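A quick write-up on the structure given underneath.
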Amino acid sequence: MRATSFLLLAVSATGLRLDHSSSRVLSDLKTNVDLFKKSVSDGIDGMVQEQQEKLAHLKNYTFSEFRNQFAKGYGIGSPEYITRQKIFKKNLNYLIQHNEGPAKTYIMGINKFMDMSEDEFKKLLGYKRVGSKGFGATSFIQGAAPQWNDFIKAVALPAKHDWRPKLTKSKNWFQDQGACGSCWATAAISCLQSHLEIKHGNSAQLSTQAVVSCTPNERKCGGTGGCQGATAELALEYIANNGVPSDAHVPYTSFAGSNGRCHKDAFAKKRHATIEHHIILPENKGEPLLQALYQEGPVVVSVDASTWSFYDSGVFSGCDKNAIINHAVVAEGFGFMGLQKYYLIKNSWGSEWGENGYIRLKRFDDDAAHCGIDTKPEDGTGCEGGPPQVKVCGMCGVLYDSTYPRGAKFIHTSEGGTYHN
């Protein structure tokens, strides 16, 4: 309504006469503004109703229901039962407190983490990236990665973009990393599977296990390797140099936290896919990430996921400006809900978490609108000898580190691989 009034005032000030065509433009503008206002109102009303329904459910939810819903095996009255029940009640109260009160942009709900302590949950956060490009975890394998603007140029972006309609196979594949800090490998594999489908119209479930077991980490970037942490860049470097088997040939076995053994020669005979190289996007810059998402495909991003455990739906905005990067996930698009802009992100905690395995993470127009300091890069983002702290921007530090594969391709049986049409 305000936009219509503003345009009428502007026309009046110029002394121009409104003809039939101009009147129609104004009418269309008013209709569009009214539709936008209605969509915002409907979105808010829908969130309020969902929030109220979720709150009512939480207030009546019991530990017994949780045990049955998630098939928890500990016996009634056992020491573990008593411990888990205490943790459950603490977490349940936290969810109730969040969902009470004014309308929220996101809702928290029941999931498989309800009986986990904070320390246990941290085991799922295994992504630990290099603290600075100067201490890069990629240079010692095959040299510096190509720059993003060597391949793509900025174009006008739509208000929303979602790769999932084209990912008919790979969007349904979720590798649950278990108690292994392997999200760096899981995210790299998930991203590669999507790029294969975008480029070739087909995909395959690839071996996260081979990457976990075999990726070298000589500089101890993000940990000591395997389940103890590494980087998505290192995973993509490894794949570019060695290829990767299918999951059917080398299935995931690190659920309990063991790295598994690297059978390099055997894995080499089972190569199913590879890439030419990977791209590292500029630190703390939103535009290159959006351009890559729109023009190239999904991108591995790094985040502080410490507060993500009970996310259920909506646009998540629960991270402070200061963030400890500790998790790797895959951005698959961007969009808006009402007035809230977001990145669409695929997680590695299974399809039953969040919005069918996804989270919508708040997005800012200004890169500097939500910046802080990662004060513990040695815990989540540092190589040995790296800087003591780093600047991170975006909700949960999402703009800090982004990378994606290029030249994704299958290795056909005629080339010594295992892929066949």
note = Flagged in segment 267-286 as under 16 Å from Glu233 (Cβ atoms) and hydrophobic (A, V, I, L, M, F, W, C), in numbering order, are Ile275, Ile279, Ile280, Leu281
note = Taking segment 383-421 and keeping residues assigned to a loop (DSSP other than H, G, I, E, B), farther than 30 Å from His249 by Cα and not hydrophobic (A, V, I, L, M, F, W, C) leaves Glu384, Gly385, Gly386, Pro387, Pro388, Gln389, Gly394, Tyr400, Asp401
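List the helices (runs of 4 or more DSSP H) inside segment 168-245, counting only whole elements, that have at least 2 residues being of a type in the set (S, T, N, Q) and under 19 Å from the mean Cα position of the chain (by Cα). So that I can check it myself, show each step before the final result.
Working: elements: 183-200, 208-214, 232-242.
Filter on segment 168-245 gives 183-200.
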request  = Could you check how many residues of segment 320-355 are over 21 Å from Lys171 (Cα atoms), crowded, with 24+ Cβ neighbours inside 10 Å and touching a Cys at 6+ places or on another chain (Cβ under 7 Å)?
outcome  = 1
query = Inside segment 209-247, can you point out the residues that are among the hydroxyl-bearing types (Ser, Thr, Tyr) and farther than 20 Å from Ile280 by Cα?
reply = Ser213, Thr224, Ser246
message = Pull out all pairs, ordered by first then second residue, where Cβ-Cβ is under 7 Å, the residues are six or more apart or on different chains, the first lies in segment 254-270 and is buried (at least 17 other Cβ atoms within 10 Å of the Cβ), and the second is assigned to a loop (DSSP other than H, G, I, E, B) and aliphatic (A, V, I, L, M).
response = Phe267/Val250; Lys270/Val250
ask   = Any idea which of Ala232, Ala273 is surrounded by 20 or more Cβ atoms within 10 Å (Cβ to Cβ) and modelled with pLDDT under 95?
value = Ala232
query = Conditions: (1) at pLDDT 95 or above; (2) in a loop (DSSP other than H, G, I, E, B); (3) within 20 Å of Gly181 (Cβ to Cβ). Phe364 meets all but one. Number of the miss?
reply = (3)
ask   = Is it fair to say Pro165 is modelled with pLDDT of 85 or more and either under 27 Å from Lys391 (Cα atoms) or loosely packed, with under 14 Cβ neighbours inside 10 Å (or both)?
value = yes
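The values are calculated or read from the model by the stated rules, or taken from the named source; none is laboratory data. Computed from a predicted model, the values in this text were never measured in an experiment. Heads up, the Cβs are rebuilt from the backbone with ideal geometry, glycines too, and the neighbour counts pull from every protein chain shown.
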